[in-house]
Amino acid sequence: MSASELFDRIANEIYQQGFCVIRNALPEALGVALASEVRSLPEENFSRAGIGRQADHQNIETIRRDEICWIDNTTAAGQAWLLWADGLQQALNRRLFLGLFSFESHYAHYHPGDFYKVHLDAFRGQQNRVLTVVTYLNPDWTDADGGELLIYPEKSNQPLLTVKPEFGTLVVFLSEEFPHEVLPTLTDRYSIAGWYRINTSDSNRVDPAF
Ligand code: OGA
Ligand code: MN
């Protein structure tokens, strides 16, 4: 699948149903570079992920237990990923007029036993994250490893989809509309989670602040 065929398919599925899951979507060489980089980063580059301002540390750990490392242009693989994500951003803006303005993303490392309980990535009217992108960096993933991503319809606890965190699988969904969770993983699980934002600047506020 060429990049433009892939981006067309993502745009169509987002338009039709608000989400899409595509296996082997990430360009192979990019996936290989990211999978190797995430495993070679020093442990101290990763920190316990947060969930918002109010929650204290103990509370957070009952909700999510992954460790994250934000991705920037300072590494070769990070740069290639951000370039790819920018291509997707432009394609979606051209096809769907979404007005996506910026992109932020992090590597996530779930150690054995780690999970992320049901959550939304953005709350209607409060945030400017509009589209979530997740991809997986786990060659040789098997069903026995657990760690599936479950995506729910807005008002039901019956999952719409179960996604295995297999190398190259790409998941894209509207951030405000789909509650989702990561089931406990039994082995080390590596992913990237990213968000496209719209610009909500007004005369009183400049956002994003970077
Ligand atoms: C997140 C998230 C899903 C995954 O980081 O917000 O939902 O499968 N990640 O890693
Ligand atoms: Mn999420």
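Table for the structure above
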item	result
Every residue from region 83-127 that is over 15 Å from the mean Cα position of the chain (by Cα) and open to solvent by less than 20 Å² (accessible area, probe 1.4 Å)	Ala91, Leu92, Leu100, Asp114
One residue from Ile71, Ile14 being closer than 15 Å to Ala193 by Cα and buried (at least 19 other Cβ atoms within 10 Å of the Cβ)	Ile71
Matching residues in region 128-143 - criterion: being open to solvent by less than 10 Å² (accessible area, probe 1.4 Å) and modelled with pLDDT of 95 or more	Leu131, Thr132, Val133, Thr135, Tyr136, Leu137, Asn138
Subset tally (residues that are near ligand 1 (Cβ under 10 Å from one of its atoms) and either farther than 19 Å from Leu26 by Cβ or among the acidic types (Asp, Glu) (or both)) for region 134-157	2
Residue check for Ala77: in a helix (DSSP H, G or I), in contact with a helix residue (DSSP H, G or I) (Cβ under 9 Å, 6 or more places away or on another chain) and modelled with pLDDT of 95 or more	yes
Verdict on Phe115 being among the hydrophobic types (A, V, I, L, M, F, W, C) and modelled with pLDDT under 95	no
Members of region 100-132 that are near ligand 1 (Cβ under 10 Å from one of its atoms), of a type in the set (A, V, I, L, M) and not in a loop (DSSP other than H, G, I, E, B)	Ala108, Val118
Test for Ser40: is it surrounded by fewer than 17 Cβ atoms within 10 Å (Cβ to Cβ) and within 19 Å of Trp195 (Cβ to Cβ)	no
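The values are calculated or read from the model by the stated rules, or taken from the named source; none is laboratory data. Please read these numbers as outputs of a predicted model, since none were measured by experiment. Here Cβ is always computed from backbone atoms with ideal geometry, including for glycine, and neighbour counts include all displayed protein chains. The accessibility values were calculated without ligands, DNA or RNA, using every heavy atom of the protein model including side chains. Shrake-Rupley method; radii C 1.70, N 1.55, O 1.52, S 1.80 Å.
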